[in-house]
Amino acid sequence: MELKLTKKQFRYLLDLVYAGNWVINSIRGDDRIAEYDDVESLVFSACVNAGMGKLVEFVPEAVPSREYVEGGIHEAIMDYEDMVFYGILAEELARRDLHDRDVDGEDAELLAQKIDEYMAEFSVNGLENISVNGL
């Protein structure tokens, strides 16, 4: 199979592959899914031929270089993780407020409204106003 990309598209592909492998494997410890690591290595090995040799190291397999890893990709991943965290927290708190009743029809609108209220709060104050009773 052959895939033709511009240099810019290839650079975006590196980010997508790295971020995808990070999501899948970063929490797995020693139980990583090797096939994803292999694909990441294969894609990053193409950096040399693409004129992006600074973005890859060979140890002995191709891995993202320190320059790549420290170049901003983790800020993008952290932004995503923050939004997922706040989104899940907002929904869980909204469901709690509605006493975990089934949400359909009017209740679905109420749930969405409560989620929006929590998201607005988190947008302004983060976790500053969150407390846990009993701790």
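Any idea what the dipole of the chain comes to, in debye rounded to 20, about its Cα centre with Lys/Arg Cβ at +1 and Asp/Glu Cβ at -1?
Dipole of the chain, to the nearest 20 debye: 820 debye.
DSSP loop (so not H, G, I, E, B), at most 11 other Cβ within 10 Å: list which trypsin sites (Lys or Arg not before Pro) in region 47-115 pass both filters.
Of the trypsin sites (Lys or Arg not before Pro), the ones in loops of region 47-115 whose Cβ has at most 11 other Cβ atoms within 10 Å are 101.
Would you kindly derive the ³J(HN,Hα) couplings of region 74-87 from the backbone phi angles with the Karplus curve 6.51 cos²θ - 1.76 cosθ + 1.60 (θ = phi - 60°), listing them in order in whole Hz, with x for Gly and Pro?
Those phi angles translate into 6, 5, 5, 5, 5, 4, 4, 4, 4, 5, 5, 4, 5, x Hz.
Relative contact order, percent, of the chain when contacts are C-alpha pairs under 8 Å separated by at least 6 residues?
The value is 14 percent.
Sum -39500 (n - 2.57) across every DSSP H segment of at least 4 residues in the chain, then divide by the residue count to get the 222 nm mean residue ellipticity, nearest 500.
-19000 deg cm²/dmol
Could you work out the mean projected area of the convex hull around the alpha carbons of the chain, in square nanometres to one decimal?
Spelled out: convex hull of the Cα atoms, projected over all directions, averaged, 13.2 nm².
We did not get these values from a lab; they are worked out from the coordinates using the rules stated. The model shown is predicted, which means the values in this text are computed figures rather than measured ones. With ideal geometry, Cβ positions are generated from the backbone for all residues, glycine too; neighbour counts draw on all protein chains shown.
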